1. D for segment 278-329, whole µm²/s, Stokes-Einstein with Kirkwood Rh over alpha-carbon pairs at 25 °C and 0.890 mPa s: what number?
2. Please give, to one decimal in nm, the separation of the simple spin-label points placed at residue 290 and residue 230, each 7 Å out from Cα toward the Cβ.
3. Could you please state, rounded to a whole Å, how far the C-alpha centre of segment 264-338 is from the C-alpha centre of segment 32-77?
4. Would you mind getting me the FRET efficiency between residue 151 and residue 237? Use the beta-carbon distance for r and R0 = 22 Å, nearest 0.05.
5. Can you tell me the length gained on complete extension of the stretch residue 17 to residue 354, counting 0.36 nm per residue apart and subtracting the Cα distance?
6. Sequence gap at least 6, Cα distance under 8 Å: using those rules, report the relative contact order of segment 282-364 to the nearest whole percent.
7. Relative contact order of the chain: what whole-number percent is it, with Cα pairs under 8 angstrom and at least 6 residues apart?
8. Work out the P(r) tail for the chain: percent of alpha carbon pairs separated by more than 30 Å, whole number.
Amino acid sequence: MFMASEISTDLRTFLQETTDQGPFVTIYLPMEDEQIPEKSKIQIKNLAKHAEGVMATAWPESKWETFAPAIDPFINDSLAWADIHGHGFGLITNGKRTYVQALGNVVNEQAMVTETPQILPLLLDNQRHFDFDLLALNIDRVEFYHNDGTTLTPVALPANPGRMEATIGAELRGGEKNSVSKGPDELSDQRRYYTDLDKFITDTYSKPHQRMLILIGLAQNLRMFHEISKNLYLSNRYQIEASPVNLTKPELDDLVDQMRQEWRKDQFEHALNRIDRATSQKRYRSDLGQVVDAVVNGAVEHLYIQSGARYNGRIKDMQLEGSSEQAQHNNLLNDLADIVLAFGGKVTLMNADYFSVPVSAILRY
């Protein structure tokens, strides 16, 4: 399922409780794997300095001293970064309330002072988040992983359900058994083992966490597991046909990343199909003025924004305004996303390869 605008409960609460309480300072910075706090501190210090300059120009009535306490710990205290892990970092504050989030994907460096919180990078990070379990199938043993965004982590299984070594014979080992022909007894034992394994994975992981289960293995093993599986979370769309025997972790990561790319491509194509249907129903708008009018009137069911697009402007008194200093420092597309979410609509960011306009909308009626 495409997690278009299912933002976290904490972020939704922050947005609801800070409505019309701007301006907001928003900072995003990219991070390396296991980045040292000293580097993060330097990055956010420079970004905060830029934001302070923008505030002096665009929001002269606001005082930086009101906002600094929310940011200063990340500049001065290495411990503030202790629980921040990922490929990016986001901070939004209005001087009274602050929202902080580690990002699973790389984010562009940004520092802004705007009337509304700049949430597009957060929406994009959430949209890219592919959360699933991966089961690597051999004949007599398995390996299990959890994929969180772009990170694949091994999960230790407490036991090998069915004890395949005992039922087929310890003299055969994974790589050999994957390449030799098997008799009827061995196939029957393998089916029993996969039946036990399917029940164990379903009851222990799939049902409690409600995560998609994806398989990697040789074609005959994938086919057999699908035949016996009763796991409703087992994907019929995504699988990796390759022997997991002797795969290095980097090789496995490459194969999984190819599948992640396939998943993202599918999401964009599904979005285009929704747009096509809405166009035939005369519910699709791509003219900016018409989109703005529909957004401020709560008439948008689904907003589409080109990833990385920017339009200098803001909504003032239900109208588009672009001449003020504040408007020149503001991305209108972000404000449209804020309003659509407030009205209970959905927001999807689209790759420019699939989407040529900066913004469009499917109307509710």
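1. Working: Rh = 12.4 Å.
Roughly 198 µm²/s, to the nearest whole number.
2. Going by the 7 Å Cα→Cβ label model, 5.2 nm.
3. 30 Å
4. Details: r = 22 Å, r/R0 = 0.99.
E(calc), rounded to 0.05, equals 0.50.
5. Values: separation 337, 0.36 × 337 = 121.32 nm, distance 3.51 nm.
Length gained, residue 17 through residue 354: 117.8 nm.
6. Details: 142 pairs, mean separation 41.4, N = 83.
Normalised by residue count, the contact order of segment 282-364 is 50 percent.
7. Working: 595 pairs, mean separation 58.6, N = 365.
Relative contact order here is 16 percent.
8. Numbers: 33131 of 66430 pairs.
Tail of P(r) above 30 Å: 50 percent of Cα pairs.
Laboratory data are not the source of any read-out in this text; all were calculated from the coordinates shown. These numbers were taken from a predicted model, which means no experiment stands behind them. Backbone-built Cβ (ideal geometry, glycine too); neighbour counts: all protein chains shown.
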